[in-house]
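Structure, as structure tokens:
Throughout, read-outs are computed from the coordinates displayed, never taken from laboratory work. Just so it is clear, the model here is predicted, and its values are computed rather than measured. Here the Cβ positions follow ideal geometry from the backbone for every residue, glycine too, while neighbour counts run over all protein chains shown.
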Amino acid sequence: MPVEKRVLLIVSGGIAAYKSLELVRNLKNAGIAIRCILTPGGAQFVTTLSLATLSEDNVYEDLFSVTDQGGIGHIELSRDADLLVVAPATADIIAKMRAGMADDLATAALLATDKPILIAPAMNIRMWEHEATQENLAVLSDRGVNVIGPEEGGMACGEFGMGRMSEPDAITNAIKKLFQGTNSRDAAINCKRNQKLAGKKALVTSGPTHEPLDPVRYIANRSSGRQGHAIAAALAQQGADTVMISGPTNLSNPIGVTVHRVGSAVEMLEACKRELPADIVVCAAAVADWRALHPTDEKIKKNGVVATLELTENPDILSSLSQSKSNRPRLIVGFAAETGSVVDKALDKLARKKCDWMIANDVSVGTKTFGGANNTVHIVDQNGIENWPEMSKESIGERLADRIADHLNTDND
């Protein structure tokens, strides 16, 4: 009989706390034991009784309670769990985690644990995009904290954008995936056998690049990075040692992926070179074609005369990696984000850039490919053209990872 896994769920104070009730139900249905900590803010949105009823366990709220685990509840609670989950994770609790604060039961348990942590951010778009929040998340990610979401969509405040907490089903799946690495020895061996890219290194580029004109302005594009992030996550799930070089995005780091964040195309190329050798490279980033030849150190002022910008071409990352005389990866996959005859243009790019596969997608106005949840792609390689139907970017990532694994394993036969 497999050992029952235990989750300590921390429900903090955001409107998304109502989703925690469904998350508790999901985990119980999956055979995962769950115990809850409810913060004072969380108690404004869900009740102790509802969490206790669904979890079939006590709910803990008070750091100084003499009845909770003999007065040292935060120590015992964190030791008893296999995984700590914060859902929703507000900007406030994320900041406290980064600072190492322990002024209530939830933050004390988080500071006292040596177990894995998964957080599901949920907040207003302005709070999510604030540099303090992004810096806090980057620090927590570097410390090994796993992050899922947030998603883009409408919010209770009436605004639209990034900040919605991931749905309970997605969080449940992330928890199951994290537990794959902490199962019994036999289960871990079986899990490893099912990871077709175990022992391989994958390098993925994602997001846009920002090419500075002055300290304030830059050249960029509408890429959200969602497709590249999804591909990196899927390759990691297949067992690949996955590194992602990401331009500026509002997305969280994929679980199990080492992430290096860069700004410009030049920085992205240098970061890619540092990660070689690799078995697999997927260039999904929407790299700016040009940059300012002479960016200024001071903001360009409007003075009644239209400024003239002198541009120069950026390095071609895909071509550089494909035509490298040393350390060329076994499989290099490029993306052709095009308008018009996307497949014909992808065929031309495949020949010019000398990569192994080219993935064409239409980014014309109205397709909502850039920034959207779905994509329609066409795989172009030496065997011809493979047309995929429209699907979520996460599904494309999973299907592409399967195709890559099958290709490399066929090469080994």
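A few notes on this one:
- 14 Å beta-carbon shell around LEU293, net charge (K/R +1, D/E -1): -4
- Build a GNM of the chain with springs between Cα atoms under 10 Å apart, and of SER12, SER341, SER252 the one that fluctuates most is SER341.
- Cα shape, the stretch 1-150, gyration tensor, a/c 1.5 rule: rounded
- Beta bridge orientation in the stretch 195-412: antiparallel %, DSSP, nearest 5: 40
- Residue among PRO88, PRO40, PRO215 with the largest mean-square fluctuation in a Gaussian network model of the chain, springs linking Cα atoms under 10 Å: PRO215
- Cβ-based charge dipole, the stretch 138-284, positive-most Cα from LEU140, LEU203, ALA271: LEU203
- Taking ILE385, ILE148, ILE37 as the candidate residues, the one with maximal mean-square fluctuation in a Gaussian network model of the chain, Cα springs under 10 Å, is ILE385.
- Length released on extending from ASN29 to ALA138, taking residue separation times 0.36 nm less the Cα-Cα span: 36.0 nm
- When all alpha carbon pairs of the chain are counted in 10 Å bins from zero, the resulting P(r) reads 4, 20, 28, 24, 15, 7, 1, 0 %.
- Residues of type aspartates and glutamates that LYS354 reaches as a straight line, Cα spacing below 14 Å, ignoring anything fewer than 8 places off in the same chain: ASP316, ASP381
- The stretch 274-353: GluC sites (Glu not before Pro) in DSSP loop, at most 14 other beta carbons within 10 Å: GLU298, GLU310
- A dipole drawn for the chain from +1 and -1 charges on Cβ atoms has a positive end, and of ASN375, VAL281, THR47 the residue lying farthest that way is VAL281.
- Set of lysines near LYS196 by C-alpha distance (under 17 Å), chain-local residues within fewer than 8 positions excluded: LYS177
- The stretch between GLN180 and ASP114 holds 22.0 nm of extra length on full extension. This uses 0.36 nm per residue minus the Cα-Cα distance.
- Antiparallel content of DSSP bridges confined to the chain, in %, to 5: 30
- The slack in the chain from MET127 to ARG79, taken as 0.36 nm per residue of separation less the alpha-carbon distance, amounts to 14.1 nm.
- Local electrostatic count, LYS325, Cβ distance below 14 Å [Lys/Arg +1, Asp/Glu -1]: +3
- Cα-Cα over 28 Å, subset of LYS201/LYS393; LYS353/LYS393; LYS301/LYS353; LYS299/LYS353; LYS299/LYS368: LYS301/LYS353; LYS299/LYS353; LYS299/LYS368
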